[in-house]
Amino acid sequence: MQVLTRYAGKPVYAELVVDNKDKYTSEPSYKVNLPYGTHSFRVSYNGKSKEKFINVNKPEQTQVFKLSAKNDVVWPWQREYDIAPVGFSLAYVYKQLVTTGEGQKLKESGVWPDGKGKTLKGMQAGLHFQPCFKFGLGLYTGLFYELYVSTSKKYDYDMFIEHCAYVPVHLYYRIPFGRKVALSVHGGLGFNYVIHGAYSAKDEDIEDYTDFYEEDGFPKKFNMAMEVGAGLRLGAFQLNFQYGKGLNDHKSYSSQGDFKTIQNKYTFGVSYMFSAE
């Protein structure tokens, strides 16, 4: 006999007890081998239970137990959901230096003299972790590698390449809508560190310029930001968006007046989620 349980119209992983002795758990349905005759079946899920006496008189019978959620408050964290706490992520990222002070505001890429209004673009890859502990609340963190590349034909150095490490430490909240469909939001601090940044030239006679982050008036290697993000899980994939507003001053123009320079970042990506089951 195959036994299935539906709660509020949806399949759930209910507990099944047959003849008050054989217990089955952690499956969406059960196939039970029984001798012909009358047997007792009891299913339990989310505080609700139902018991039936069924006459098993033919092979391959199917029995569906329906549990109603009527008049019950079903909180989001109580819904049947595959938590999938780990994801491999690929994303498009871009960041921009924003300088304010003395009634002025300047946005620029930060790597070329003609970078006004432009951004530094790149790719991000890594593993993120989003475990939930209770009531849908959890932690969002991970370890990511970022590669930024920018080119210009106006200078002796025609390419800039930057390698970064990135770690977020966020609070996380998940709202499930279905078995593998959920919306999540998270926010907290993000930490970026430039491992290597350098200019290179086509002309082999010109050496690469690797002191970009060590000079006065240039950005710092370390950037800390206040970040907010969201994820939409659809099956095994999750769409991600995140915005980070810089907190520490990169002091790019501090020698020219009362200016503060921060680094803002946008991230758009997709993750392949590793199921917990």
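The values are calculated or read from the model by the stated rules, or taken from the named source; none is laboratory data. This one's a predicted model, so the numbers in the text were calculated from it and none came from an experiment. For neighbour counting, all protein chains shown are included, and Cβ atoms are generated from backbone atoms with ideal geometry for every residue, glycine included. When the accessible area is computed, the model is the full protein with side chains, heavy atoms only, and any ligands, DNA or RNA have been set aside. Shrake-Rupley method; radii C 1.70, N 1.55, O 1.52, S 1.80 Å.
Cut-off 10 angstrom, C-alpha nodes, Gaussian network model of the chain. Which of ILE175, ILE195, ILE54 fluctuates the most?
ILE54
Trypsin sites (Lys or Arg not before Pro), restricted to the stretch 187-277: which are DSSP loop and have at most 12 other Cβ atoms within 10 Å?
Values: sites: LYS202, LYS220, LYS221, ARG233, LYS245, LYS251, LYS260, LYS265; in loops: LYS202, LYS220, LYS221, LYS251.
Answer in residue order: LYS202.
Grab the beta carbon distance between THR151 and LEU183, set R0 = 51 Å, and tell me the FRET efficiency rounded to 0.05.
Working: r = 38 Å, r/R0 = 0.74.
My answer for the efficiency is 0.85.
At 0.36 nm per residue, and after removing the present C-alpha to C-alpha distance, how many nm does the segment from LEU34 to GLN78 gain when stretched out fully?
Once the chain is fully extended between LEU34 and GLN78, it gains 12.6 nm.
Per 5 Å bin, what is the whole-percent P(r) computed from every C-alpha pair distance within the chain?
Answer for the chain: a P(r) of 1, 5, 10, 13, 11, 10, 9, 8, 6, 5, 5, 4, 4, 3, 3, 2, 1, 0, 0 percent.
Which net charge results when you count Lys and Arg as +1 and Asp and Glu as -1 among the other residues whose beta-carbon is under 14 Å from that of PHE65? Provide the component values of the computation, followed by the final result.
Values: positive: ARG6, LYS10, ARG42, LYS48, LYS50, LYS52, LYS66; negative: GLU15, GLU27, GLU51.
Once positives and negatives cancel, what remains is +4.
Determine the alpha carbon to alpha carbon distance for each of LYS118/LYS265; LYS105/LYS154; LYS107/LYS220; LYS154/LYS220; LYS153/LYS220 and list only those over 20 Å. Mind dumping the intermediate values first?
Working: LYS118/LYS265 13 Å; LYS105/LYS154 25 Å; LYS107/LYS220 16 Å; LYS154/LYS220 25 Å; LYS153/LYS220 25 Å.
Pairs exceeding 20 Å: LYS105/LYS154; LYS154/LYS220; LYS153/LYS220.
How much accessible area per residue does the stretch 18-69 have, in Å², with a 1.4 Å probe?
Numbers: 3500 Å² over 52 residues.
Solvent-accessible surface per residue comes out at 67 Å².
Can you send over the carbon and sulfur percentage of the accessible area for the chain, probe radius 1.4 Å, protein chains only? Spell out each step's value before the answer.
Numbers: 8800 of 15530 Å².
About 57 percent, which is the carbon plus sulfur part of the accessible surface.
So who's got an amide H within less than 5 Å of the one on LEU247, skipping anything under 5 residues away but keeping other chains? H placed 1.01 Å off N, in plane.
Excluding prolines and chain starts, which carry no amide H, the hits are MET224, ALA225, MET226, GLN263.
Under 10 Å, Cα contacts only: if you run a Gaussian network model on the chain, which one of GLY37, GLY188, GLY101 comes out with the highest mean-square fluctuation?
GLY37
Pairs LYS134/LYS221; LYS116/LYS221; LYS10/LYS95; LYS10/LYS121; LYS134/LYS251: which exceed 32 Å Cα-Cα? Intermediate results must be reported in sequence, preceding the final value.
On the way: LYS134/LYS221 37 Å; LYS116/LYS221 21 Å; LYS10/LYS95 44 Å; LYS10/LYS121 44 Å; LYS134/LYS251 42 Å.
Those over the limit are LYS134/LYS221; LYS10/LYS95; LYS10/LYS121; LYS134/LYS251.
What value in Å³ per residue do you get for the convex hull of the alpha-carbon atoms in the stretch 1-59? Intermediate values should be presented prior to the final figure.
Values: hull volume 4.9 nm³, N = 59.
Each residue corresponds to 84 Å³ of Cα convex hull volume.
I need the phi-derived Karplus couplings for the stretch 30-37: 6.51 cos²θ - 1.76 cosθ + 1.60, θ = phi - 60°, integer Hz, Gly and Pro marked x.
10, 10, 10, 8, 9, x, 4, x
Amide H neighbours of SER152 under 5 Å, at least 5 residues apart or on other chains, H built in the peptide plane: list them.
Long-range HN contacts for SER152: MET159.
Can you compute the charge dipole magnitude of the chain about its Cα centre, using +1 on each Lys and Arg Cβ and -1 on each Asp and Glu Cβ, nothing else charged? Give it in debye, rounded to the nearest 20. Walk me through the numbers on the way to the answer.
Details: 33 positive and 29 negative charges, 453 e Å.
Using only the charged Cβ atoms, the result is roughly 2180 debye.
In the neighborhood of TYR266, defined by Cβ-to-Cβ distances under 11 Å, what is the net charge if each Lys or Arg adds +1 and each Asp or Glu adds -1? Mind dumping the intermediate values first?
Values: positive: LYS95, LYS121, LYS245, LYS265; negative: GLU227.
The answer is +3.
Net charge around ILE54, counting only other residues with Cβ within less than 15 Å of its Cβ (Lys, Arg = +1; Asp, Glu = -1)?
+2
Can you list which of the GluC sites (Glu not before Pro) found in the stretch 157-224 are DSSP loop residues with at most 13 other C-beta atoms within 10 Å?
Numbers: sites: GLU162, GLU204, GLU207, GLU214, GLU215; in loops: GLU204, GLU207, GLU215.
Listed in order of number, the matching sites are GLU204, GLU207, GLU215.
GluC sites (Glu not before Pro) within the stretch 1-104: which are DSSP loop residues with at most 15 other Cβ atoms inside 10 Å?
Working: sites: GLU15, GLU51, GLU60, GLU80, GLU102; in loops: GLU60, GLU80, GLU102.
Hits after loop and neighbour filter: GLU60, GLU102.
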